[in-house]
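Novice: After the structure tokens below, expect a handful of questions from me.
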Amino acid sequence: MPSETLWEIAKAEVEKRRSSGSEGDGVEIGEKSVFFIGSKNGGKTTIILRCLDRDEPPKPTLALEYTYGRRAKGHNIPKDIAHFWELGGGTSLLDLISIPITSDTLRTFSIVLVLDLSKPNDLWPTMENLLQATKLHVDKVIMKLGKKNSKAASEMRQKMWSNMQKDHPQDRELIDPFPIPLVIIGSKYDIFQDFDSEKRKVICKTLRFVAHYYGASLMFTSKSEALLLKIRGVINQLAFGIDKSKSICVDQNKPLFITAGLDSLSQIGSPPLPDNDIGKFHARSPMELWKKVYEKLFPPKSINTLKDVKDPAQDPQYAESEVDEMRIQKDQELEQYKRSSSKSWKQIELDS
């Protein structure tokens, strides 16, 4: 009798966990997933490697990549496992978001959005496209989960609001918490800190509003070891359930660090515009108003400039001379085959 394949063993293990009740009863299963999305070349891989204590140079992420980490709970106790997913290509591969986020993983899933602070004109469209696509898929998965396990889906919806401060009840009417834990990281703070003061103010206030609107944590980082250690602590909280930090820094002259639920609309204030200019912006929601104010100072690049390469094989950062030469040769052979096949079919038609 042939031995089982790896796929069959993995499938049997999943079925075993389902039948034993590890899914759907709210029990902590010791496995969590963290999905990194964000700006192209924004530093996602560097953050992941730092969190896993891997001393190796980061490589460009091709499409969707996976790795994992383990953490010991104690002596003779099974280790916690954290699954790390990373989406490459900025906003060009949104369809791949659906692969790691499923009804089986959703309740132990977190999102980390990494935004490149050194490119403020790309910041809003990158953030908007990725968050909208992710939220749309997560909402669909929650609906699907609700059909199988209404209790689990209900608990998730209630948990969305658990981080919001009770002493700011007016905020609840103006925000829309993300369906699963969300952390927004502004990378390349070392470049950002040299920006004009007014530009830094607009970016900081805008990101604070977006983070508060989605019930997310917000923090800035760079290559600084001290900042990377703080980010590592936040990621470990998502990945292994370590106690959440209660520290806060809202000073625009310093790296922001705001844990979810510790900010408020009153502390953030109104969009950074003169009072007589606010009335000129027609918006249907607070988010739309902040977007228009932000894009007035940092207009998004033209569609042609912003458009990412859809086919990773055509992306210059993945160039491989020998592979590319072979690809060109195979493409030529394919075209030649198509032409010869076309002639053959035409000849058959004439003969018949």
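Novice: Step by step: first the residues of segment 298-310, then only those that are in contact with a Pro (Cβ under 8 Å, 6 or more places away or on another chain) and hydrophobic (A, V, I, L, M, F, W, C), then the one that is modelled with the highest pLDDT. Which residue is that?
Specialist: Across segment 298-310, the extreme among qualifying residues is Phe298.
Novice: Could you tell me whether any residue of segment 244-264 is part of a helix (DSSP H, G or I) and in contact (Cβ under 8 Å) with a residue 24 or more places away in the chain?
Specialist: We begin by selecting, within segment 244-264, every residue part of a helix (DSSP H, G or I); these are none.
No, because not a single residue in segment 244-264 is part of a helix (DSSP H, G or I) and in contact (Cβ under 8 Å) with a residue 24 or more places away in the chain.
Novice: Within segment 318-332, restricting attention to residues that are more than 23 Å from Asn41 (Cα to Cα) and acidic (Asp, Glu), which residue is modelled with the highest pLDDT?
Specialist: My answer is Glu325.
Novice: Let me ask something additional. I'm trying to understand the selection: among the residues of segment 213-230, which are open to solvent by 40 Å² or more (accessible area, probe 1.4 Å) and touching a strand residue (DSSP E or B) at 6+ places or on another chain (Cβ under 9 Å)?
Specialist: Pass one, segment 213-230, residues open to solvent by 40 Å² or more (accessible area, probe 1.4 Å): 213, 223-226, 229-230.
Once the filter is applied, which keeps residues that are open to solvent by 40 Å² or more (accessible area, probe 1.4 Å) and touching a strand residue (DSSP E or B) at 6+ places or on another chain (Cβ under 9 Å), segment 213-230 yields only Lys230.
Novice: Could you look through segment 103-129, keep only residues that are over 11 Å from the mean Cα position of the chain (by Cα) and of a type in the set (Ser, Thr, Tyr), and pick out the one that is modelled with the highest pLDDT?
Specialist: Only one residue tops the list, namely Ser118.
Novice: So if I check each of Lys230, Lys199, which one is of a type in the set (D, E, K, R) and either under 30 Å from Arg70 (Cα atoms) or at pLDDT below 90 (or both)?
Specialist: On the way: Lys199 fails: either under 30 Å from Arg70 (Cα atoms) or at pLDDT below 90 (or both).
On inspection, the qualifying residue turns out to be Lys230.
Novice: Out of (1) open to solvent by less than 10 Å² (accessible area, probe 1.4 Å); (2) without any contact (Cβ under 8 Å) to a residue 40 or more places away in the chain; (3) assigned to a helix (DSSP H, G or I), the odd one out for Arg157 is which?
Specialist: (1)
A quick yes/no check of all residues on (1) closer than 28 Å to Lys140 by Cβ; (2) open to solvent by less than 80 Å² (accessible area, probe 1.4 Å); (3) at pLDDT 85 or above:
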{"position": "Val14", "(1), (2), (3)": "yes, yes, no"}
{"position": "Lys44", "(1), (2), (3)": "yes, yes, yes"}
{"position": "Asp53", "(1), (2), (3)": "no, no, no"}
{"position": "Ile81", "(1), (2), (3)": "yes, yes, yes"}
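The values are calculated or read from the model by the stated rules, or taken from the named source; none is laboratory data. Every value quoted in this text rests on a predicted model; they were computed, and no experiment measured them. Cβ: placed from backbone, ideal geometry, glycine included. Neighbour counts: every protein chain shown. All accessible areas refer to the heavy atoms of the entire protein, side chains included, with ligands and DNA or RNA removed. Shrake-Rupley method; radii C 1.70, N 1.55, O 1.52, S 1.80 Å.
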